[in-house]
Amino acid sequence: MKRKRMHGKKRSPFSKQNLSPQAAADKAERDLAYANSAIGKKHRRESQQKHRDNPGNDHLDYDHTTNSFVTPHANRGGFGKGTKP
């Protein structure tokens with residue numbers, strides 16, 4: 001996936017979070033470790049299958065909590081419960 005350029009510079013995926021370079025690198029490492037874990041692979045497989053079965057929902061995210069398609073905005077932060085257990 002190509003990153004979009006903004007004023008001739010590559011845009012970081014963490015640009016909205018205002019993280020320091022060290023914090024962004026640490027977060028990227030954690031995110032990659034989660035994505036490649038068993039649960040991350042299961043979620044990715046499930047999401048891709050649901051999108052193949054429902055091609056009209058390509059603009060929506062598959063939410064594993066509600067088992068439905070929701071907007072990307074609604075699929076952040078655990079529906080008001082936060083992301084921490």
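The values are calculated or read from the model by the stated rules, or taken from the named source; none is laboratory data. Owing to the predicted nature of the structure, the values given are computational and were not obtained by experimental measurement. Note: ideal-geometry Cβ built from the backbone for every residue, glycine included; neighbour counts use all protein chains shown. The protein model used for the area step is the full one, side chains on, heavy atoms only, and it has no ligands, DNA or RNA in it. Shrake-Rupley method; radii C 1.70, N 1.55, O 1.52, S 1.80 Å.
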Subject >> Pair list, Cβ < 7 Å and 6+ apart or interchain, from segment 53-68 residues that are among the acidic types (Asp, Glu) to residues that are surrounded by 14 or more Cβ atoms within 10 Å (Cβ to Cβ) and part of a helix (DSSP H, G or I) >> reply: Asp58/His51
Original post:
Tell me, which residue of segment 32-58 that is within 12 Å of the chain's Cα centre (by Cα) and open to solvent by 70 Å² or more (accessible area, probe 1.4 Å) is nearest to Pro13 (Cα to Cα)?
Top reply: Leu32
Original post:
Can you pull out the residues in segment 59-68 that are open to solvent by 50 Å² or more (accessible area, probe 1.4 Å) and either at pLDDT 90 or above or outside any loop (DSSP other than H, G, I, E, B) (or both)?
Top reply: His59, Asn67
**OP:** Name every residue in segment 11-26 that is within 22 Å of Ala74 (Cα to Cα) and surrounded by 10 or more Cβ atoms within 10 Å (Cβ to Cβ), in order of residue number.
**Re:** Pro13, Phe14, Ser15, Gln17
